[in-house]
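J.: Would you mind keeping the following structure in view while I ask a few things?
The values are calculated or read from the model by the stated rules, or taken from the named source; none is laboratory data. Keep in mind that this is a model prediction, so the values were computed, not measured. Here the Cβ is made from the backbone with ideal geometry for all residues, glycine too, and neighbour counts use every protein chain on show.
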Amino acid sequence: MPIYRYSNTVSLKKDEVATLDISFGQAGITAHHIIDLPGPNDKQALDQCTEQLGTVDYLKKERTLIFTKAISINPNATSIDIEYEINGNSVVSHSNLKSDDPSPQIIVTLVFQEI
Amino acid sequence: MIMKKIILILTTLTSMQVVAQDISEKVSKLKAPSSPASIVIGNQPATISKPKSWQALEASLYSNYVNQSGSFIVPNDYAIEFSPYWSSKNSSSLSIKDFAAPSISQTLLQNLSFSVSSTKNYLIKDSVKTDALGFGVRTMLWQGEKKEINVLLKNLLSIQEKVALQNFIDKLSFDISEQLAKDSVNDPKTTANSKKKFIKVFIEKLQTDKAFYSGEAPNFFSTTPYDKWVETIRKGLVKKLPVGKTDYSDEVSDLLDIYTQIDKDAIGLENMIKDRQGFKLEFATALALNFPTNKTDFSYVPKVSVWLTPSFQPFQNNYWEFLGVLRYTRLNSDFYKNYAIDKNYFDTTLDYGTRVVYKWDKFSFELELVGRHSKTILEKTKDANGVITEKSKTDNDFQYIMNFNYRISDVIILSYNFGSQFKPTFDSSNALISLATLNFGIGGPKKNDVK
């Protein structure tokens, strides 16, 4: 299956710290995330997680990429739903049927801008 | 001649199939009840509705139990089962380890389900069909063994390592593809050679950073030599990548799924989670509610049942399976005196039994032994000294069933049942079973389906 690609623009106030929340719609999903931040400060995270990305001043220098590889081991689940939020606001909602792709690769591109 | 005999035997056995279906329903297998609410009222619904959320439960109840004028109705042959844990939003926050190998309290919560079943054909005296509802609860009190949990967690770790490995390699191919795209803007010739260039840079990077990538999935690379695996990927890329593109990340992602076999591993783990081995202890209870006049303002609770089902399948041993059952049923004597067809009833019955299954290649053998102790207290008196004297009638019965199966092909099973059932109330000569059947895996008709 092709990679699921999403992009969004996130507007934040000056000095506001961006916090990324990744959550699952079902139990029984495991995932690995690489957060490609501006500069050499990449981060890794597992499963459902909360990560501080930095202030908008820093983030607006370059786009931020989130690479997620997920897989479901829940025999009762029919889909894989993953929600990406910045400061409590949804930026990407991913959903795919397990029958279509049991181990989706997702790339989220976020562009931060100052309000 | 031999062939003709075989065909004759098969034809004879096949003609017994319809009868066998009917009898085999009576020879119910010893097992944990899948829907206690249905069993307690003797209902056999074609399907059990399983709403996945509170909203879906509400909709199911409203559409089946409430009529157009807003009054309560009893639907015929309807069953619903609801698992509150999996319907709550909090269930998605469960950690992957707790999901794969839950603790005792988590096991109890995750397996807890409530069921409701209804029928309009609950027979009372004079063969009158009445409305009845069954309410049931079931859960798992214990499941799995330490050895199994260790293997389960090891397999989970192995999958998590492969997930991380693939994510890093997918990022690598994305980065190289982006660089190729940038290069092709400056030099259009790059696109023509992009496939060759991509493979060269990609494989070189995998070789240079061997320590990093192999360190991400030590379990996988303990059985698969890293260099050999990279060479397999290289050959795959040469064969599968189209020419004239700059972004190969989709193709690489697809190939990695194949070369790590991650989907196959996940299915294996799903099957382990779905069908846990080792020791299991299931609990179920249900009560029947009958409306003898078919009016909801007059009802009886004719029966309450409790099941305790321990089972044991030795881990990583598919030859043996052991199952036991303890089933306690209490009947309401007021109901049975006034409304039941069967006047030869007992207030309480305790069934206790075991089933042993042995499977080997195409052959399987099952032996089921069940005892039944029934008791009714006829009179209870208390003398002046406070000593209680009880006068009761009791009965003991025993059922055994042996079942031999031979799988002729994937869809045809030759089966032979032999044994003795519990004494039927009205015709005790009908307790012996000796039945050969030929089962086709195409969903055979029931006796009532044949007109």
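J.: What are the pairs, 6+ residues apart or on separate chains, where a residue within segment B:243-262 that is within 15 Å of B:Glu231 (Cβ to Cβ) has its Cβ under 8 Å from a residue that is of a type in the set (Ser, Thr, Tyr)?
T.: B:Tyr259/B:Thr232
J.: Hey, among the residues in segment A:72-93 that are more than 14 Å from every other protein chain (Cβ to nearest Cβ) and crowded, with 19+ Cβ neighbours inside 10 Å, which one's nearest to A:His33 (Cα to Cα)?
T.: A:Tyr84
J.: Continuing with the same structure: May I ask you to say which residue of B:Tyr416, B:Tyr358, B:Tyr400 is part of a strand (DSSP E or B) and exposed (fewer than 13 other Cβ atoms within 10 Å of the Cβ)?
T.: Among B:Tyr416, B:Tyr358, B:Tyr400, only B:Tyr358 is part of a strand (DSSP E or B) and exposed (fewer than 13 other Cβ atoms within 10 Å of the Cβ).
J.: For the subset of segment B:297-338 comprising residues that are in a loop (DSSP other than H, G, I, E, B) and hydroxyl-bearing (Ser, Thr, Tyr), which member is modelled with the highest pLDDT?
T.: Only one residue tops the list, namely B:Ser299.
J.: With respect to A:Ser90, is the statement that it is more than 27 Å from B:Ile262 (Cβ to Cβ) and among the small types (Gly, Ala, Ser) true?
T.: yes
J.: Got a number for residues in segment A:68-94 being at pLDDT 95 or above and assigned to a strand (DSSP E or B)?
T.: Total satisfying the criteria: 18.
J.: Yes or no: B:Thr191 touching a helix residue (DSSP H, G or I) at 6+ places or on another chain (Cβ under 6 Å), of a type in the set (Ser, Thr, Tyr) and in a helix (DSSP H, G or I)?
T.: Against the criterion (touching a helix residue (DSSP H, G or I) at 6+ places or on another chain (Cβ under 6 Å), of a type in the set (Ser, Thr, Tyr) and in a helix (DSSP H, G or I)), B:Thr191 qualifies.
J.: Okay, moving on. Filter segment A:6-34 down to residues that are more than 29 Å from B:Ser91 (Cβ to Cβ) and not hydrophobic (A, V, I, L, M, F, W, C) and give me whichever is nearest to the other protein chains (Cβ to nearest Cβ).
T.: A:Ser7
J.: Still on this structure: Scanning for something part of a strand (DSSP E or B), surrounded by 14 or more Cβ atoms within 10 Å (Cβ to Cβ) and more than 15 Å from the chain's Cα centre (by Cα), does segment A:12-35 turn up at least one residue?
T.: yes
J.: May I ask you to verify whether B:Asp351 is among the acidic types (Asp, Glu), crowded, with 18+ Cβ neighbours inside 10 Å and farther than 30 Å from B:Ser409 by Cα?
T.: yes
This table checks each residue for (1) more than 42 Å from the chain's Cα centre (by Cα); (2) not charged (D, E, K, R).
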position	(1), (2)
B:Pro188	yes, yes
B:Ile203	yes, yes
B:Gly236	no, yes
B:Glu251	no, no
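J.: Does B:Lys162 meet the test of being within 14 Å of another protein chain (Cβ to nearest Cβ), within 34 Å of the chain's Cα centre (by Cα) and either farther than 21 Å from A:Ile34 by Cα or surrounded by fewer than 14 Cβ atoms within 10 Å (Cβ to Cβ) (or both)?
T.: No, not satisfied.
J.: Follow-up question, since we're still on this one. In the set B:Ser91, B:Ser117, B:Ser105, which member is under 21 Å from the mean Cα position of the chain (by Cα), within 30 Å of B:Tyr336 (Cα to Cα) and polar (S, T, N, Q)?
T.: Just a single option satisfies the conditions, and that option is B:Ser117.
J.: Which pairs turn up if I take residues in segment B:210-230 that are closer than 16 Å to B:Ser158 by Cα and aliphatic (A, V, I, L, M) and look for partners that are buried (at least 17 other Cβ atoms within 10 Å of the Cβ) and modelled with pLDDT of 95 or more with beta carbon separation below 8 Å, at least 6 apart in sequence or on another chain?
T.: Taking only residues 6 or more apart or on different chains, the pairs are B:Ala217/B:Ser158; B:Ala217/B:Glu161; B:Ala217/B:Lys162; B:Ala217/B:Ala164; B:Ala217/B:Leu165.
J.: Please determine, by comparing only the residues of segment A:41-67 that are facing another protein chain (nearest Cβ under 7 Å) and either outside any strand (DSSP E or B) or not aromatic (Phe, Trp, Tyr) (or both), which one is surrounded by the fewest Cβ atoms within 10 Å (Cβ to Cβ).
T.: A:Asp47
J.: Can you find even one residue in segment A:34-47 that is in contact with a helix residue (DSSP H, G or I) (Cβ under 9 Å, 6 or more places away or on another chain) and within 25 Å of B:Trp86 (Cα to Cα)?
T.: Scanning segment A:34-47 turns up at least one residue that is in contact with a helix residue (DSSP H, G or I) (Cβ under 9 Å, 6 or more places away or on another chain) and within 25 Å of B:Trp86 (Cα to Cα).
J.: Residues being within 12 Å of another protein chain (Cβ to nearest Cβ) and among the small types (Gly, Ala, Ser): count how many of those fall in segment A:94-115.
T.: 2
J.: Condition check: at pLDDT below 95 and within 21 Å of A:Ile71 (Cβ to Cβ). Does B:Leu180 satisfy that?
T.: Against the criterion (at pLDDT below 95 and within 21 Å of A:Ile71 (Cβ to Cβ)), B:Leu180 does not qualify.
J.: Which helices (runs of 4 or more DSSP H) sit wholly inside segment B:203-296 and have at least 1 residues that are away from chain A (no Cβ under 14 Å)?
T.: In segment B:203-296, the matching helices (runs of 4 or more DSSP H) lie at B:210-216, B:218-221, B:226-240.
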